[in-house]
Each structure stands twice: as structure tokens, then as C-alpha cells.
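These notes are about the structure you will find just below.
What follows is calculated from the coordinates using simple rules that are stated; it is not laboratory data. Please read all numbers here as calculations on a predicted model, not as lab measurements. In this analysis, Cβ positions are derived from the backbone assuming ideal geometry, glycine residues included, and neighbour counts consider all displayed protein chains.
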Amino acid sequence: MSLNVAAEAAPVAAPSVAETLSSTRPQVWFDGALHDIDSLQAGLTTHAMHYGSGVFEGIRSYATAGGAAVFRLPEHIERMRQGAALLGMAFDPAVATGAVLATLRANGHRDAYIRPLAWFGEGSFGLDVEGHAEHLMVATTATQVHLGGTRARLGISRWRRNSADSLPPLKLCGAYVNSILAKRESKSRGFDEALFTDADGFVVECTGANVFIVKDGSVTAVQHRDALPGVTRDTLIQLSGADSRAVTVEELYDADEVFACGTAAEVAPVHGVEDRSYGDNPVTRELAALYARVVRGEAEAARSWLTAV
């Protein structure tokens, strides 16, 4: 298993214990300082509000025996850096890393969902980003599990995933309107989540999670050029030794088990796709239990994936 060493965080002043305990409002890190989350406002000409010119990440921290720790923080920050670079946005990974840790400390969170966001702010209308202020924020909330931690029912969306030829598979803000449309359409048909497929009948991903199949005990990670190369997906491939390849919809229907995965979703068993229902999910359950041990530092081999808060 190839493990990465956590990046060194830039020094960011953390509040004292007394300051943390005396604060009754959630704290958010914004452009170098911590603030009450409801004390900040964005101007109505904010470029990202009109054009989606921002990049974000979804990251998780977990309570471990040694205190709170962030799972695979360097990998998330590096992916965010790549998105910022495409937009021509200055982005310092060390500053972002320090901001994540400072916000977690300020809010006293252990199990938490972390949302860093970098975006272009106020300025004139138009698609040019030059001349617009650049901002960075980090917010943390008590853990919210995507897909609700239940065996989700997936509907195959009539919408196609953004093509990698049009939008690179990174967490660019504007790109996720595509996911919103797909999820709305599938939920209107009574499903919990949408599944993207391409015009050639290959599986892409869900609206915010990658997909795996299990057949005869063998685990396969769905691979597609239009799908986000998920950090959780990579983790599960390393933990399970799963094959990574293109998967057709027919193979998906023929699988013994299907599960989705992502930072928020973790390892989420799929109950069914369209009219196809799956039975028990023993391999999925085993992988979910292993993943839970890994993110909480209970698996020795993966502890370097954790950044202490």
C-alpha cells in the first residue's frame, strides 16, 4: 500500500480553549482569520455567484484514539490546487491546510465534514476573472452522510455527466449544476440518487460518488474519463486490491453487489438500480467496516493517511 505523508500546515493562530468554549456560534475561516459564520456577507456582484468561478473540496475529520484527525488531507488539498490553477487562481496549499486545522480546532469538531472553498469575488460582470478579488474560506459542520447511510436506490439519469473534453473532472463549482439536474430528475421518479451513464452504455458515476461492483467476490472500481478520480475510490482500491476498468450498464445489472463511495458517502451499499434489486451486501459490509477502522486510525498501515488536528 502506497501511503502519503501529510503536508506541513502553515501556522494559523488557533483560539485558546477558553475562547473556543466561550463562543456559541460556529466559526468560519475567511481570508486569514476566524469569524462567526453569520457575520460575513458576499457582495451581489461576486463573480462565483454569477458564473460558478470557484473550486471546493469535501473533506472529513474523524475522532480517533489520539484525538481528531483529517483523512487524506494532502490529497484533497492537492486536487483543490489543481482546480484553482485551471481557473488562474492563486492557491497556497499550506495556507489551506492550516485553515482547515484551525477551523476544526475553533469549532471543537472531531467527527466533521469540512468544506474549503476558493472563489472569485466582487467586480464587473463578464466572464473574465482578471481584476476580481480572490477569496478562501473553510467551514466545518457535524458529519452529514451523503446518501443517508442507507441502501440507496439509483435511477439512471437522462442527463449525461459533463464530458472531460468540456469540463475536467475536478470539483469546480459551476460543474455541479450538472449533478443537481441529474439528482432532481431521478428523485422526481422516486429514486434516492442518480447514476450517470454515457452514450455508449458505460457507467460513469453518481452525482457525488464513485461506483464499484462486486461479482463472485471480486471487486471492480468503475473507471471513466468523465468521473471524478475520488480520494475514497483510491483508498478502497488500495485496501481491497480492486480492479479498475470500464464497466457497462449490463455488467452493473448482472453484479452481485453495487456500492457507491465518496468522502461524504463513505461506503454506501446500493439497494437497486432502476428495476434491478440486489440482495445482501456481504463484501460491501466488510469493506465499509475496514474503511471505518482506517479513517479512525485503527489500522496501523494507514495511519499516515491521517493528519492530526
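Computed quantities for the displayed model
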| item | result |
| --- | --- |
| Contact order normalised by residue count of the chain, Cα under 8 Å, 6+ apart, percent | 20 |
| In sequence order, calculated HN-Hα J values of region 121-134 (Karplus, 6.51, -1.76, 1.60; Hz; x Gly/Pro) | x, 5, x, 7, 6, x, 7, 5, 8, 4, x, 8, 5, 10 |
| Relative contact order [Cα under 8 Å, 6+ residues apart], region 27-142, whole percent | 37 |
| Burial ordering of C261, C206, fewest other beta-carbon atoms within 10 Å first | C261, C206 |
| Region 152-299: antiparallel DSSP beta bridges as a percent of all, rounded to 5 | 70 |
| Alpha-carbon spread of region 57-148, three principal axes, descending order, Å | 49, 27, 25 |
| Check: region 158-284 dipole with +1 on Lys, Arg Cβ and -1 on Asp, Glu Cβ, in debye | 600 |
| Nitroxide proxy distance, nm - points 7 Å out along Cα→Cβ at T141 and D254 | 4.1 |
| Rounded if a/c under 1.5, otherwise prolate or oblate - region 84-128, Cα gyration tensor axes | prolate |
| Sequence-distant residues sharing a close amide H with A133 (under 5 Å, placed H) | G121, E122 |
| Span-rule helices in the chain, defined as complete DSSP H runs reaching 18 Å or more along the axis (Cα) with Kyte mean at least 0.0 | 93-107, 282-295 |
| Point-to-point label distance, H271-T45, nm (Cα→Cβ direction, 7 Å offset) | 5.0 |
| Positive dipole terminus of the chain, leading residue within A292, A106, S218 (C-beta point charges) | A106 |
| Shape call, region 161-309: gyration tensor on alpha carbons, a/c limit 1.5 | oblate |
| Relative packing of 52-61, 125-134, 196-205, which averages over residues the other C-beta atoms within 10 Å, highest first | 52-61, 196-205, 125-134 |
| Peptides 208-216, 152-160 ordered by average Cβ neighbours within 10 Å, highest first | 208-216, 152-160 |
| Charge tally in the Cβ shell below 10 Å around T220, where Lys, Arg are +1 and Asp, Glu are -1, T220 excluded | 0 |
| Extension gain, T150 back to L181 (0.36 nm per residue minus Cα-Cα distance, nm) | 9.0 nm |
| Computed [θ] at 222 nm, helices only, for the chain once each DSSP H run of length n ≥ 4 contributes -39500 (n - 2.57) | -8000 deg cm²/dmol |
| Cβ charges +1 (Lys, Arg) and -1 (Asp, Glu), total dipole of region 41-199, debye | 820 |
| Packing rank of 32-43, 90-101, where each peptide gets the mean count of other beta carbons within 10 Å, highest leading | 90-101, 32-43 |
| Dipole in debye (nearest 20) - the chain, about Cα centre, beta carbon charges: Lys, Arg +1; Asp, Glu -1 | 500 |
| Rounded, prolate or oblate (a/c below 1.5 giving rounded, otherwise prolate when a/b exceeds b/c) for the chain by Cα gyration tensor | oblate |
